[in-house]
Amino acid sequence: MIELSFHSNSNGEVSTREVREDLEIATAIMTYAIRRNLGGFRFSGLRVPWIIQDWEPGRQLPDVESFATEVATFQEHLHERIVALADNRKMVRTMWSLNESTRHFREYELRRPEAARDILDRTAALVNALFNRDEQLCCTILLQCAERRYKLLVVSPDTSNGENPREAAPY
């Protein structure tokens, strides 16, 4: 079972509004940071997972267990690196908190093959956009990722496997 969200009410239900707010906050902080100082972004010391380095859209998905935790961890480091561009300690602390509270959900999301493909497509595209200093594309990808996660959590949760993504930490 996925760790319950800190947004759960006494019945264990997650507030749609709070989930959406978390998605919007994370996206807004990263978008702001990219717009403020994309030229300052460096990959130095940031290890891009093998699957992201080699990923091409339409490629066959390997066993998700071979990459889910590694990619989720990479997402955290990438989010932190992006937010550091803003040179704002409060934003960095906020991102740390969001990363911690969303770790289980991001791993859950990566273990869903239909979501994993999209995550890998967009993460590889974001890495390339950051490398190419394409501000508009970076911001677009972040918004697309937030929308996908919001839909998974709130609009159409899949409960066929006994796990409810609404019970996962948001993001």
If you bin every alpha carbon distance in region 19-167 into 10 Å steps from zero, what whole percent lands in each bin?
11, 43, 37, 9, 0
If a/c stays under 1.5 just call it rounded; otherwise compare a/b with b/c (prolate if a/b is bigger, oblate if not). Do that for region 52-94, with a ≥ b ≥ c from the square roots of the Cα gyration tensor eigenvalues.
prolate
Inter-site label distance for residue 17 and residue 90 at 7 Å from Cα along Cβ, in nm
2.3
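Every number here is computed from the coordinates shown, using simple stated rules; none is lab data. The structure presented is a predicted model; accordingly, all values stated were derived computationally and were not measured. A quick note on method: Cβ atoms are made from the backbone with ideal geometry, for glycine too, and the neighbour counts reach across all protein chains shown.
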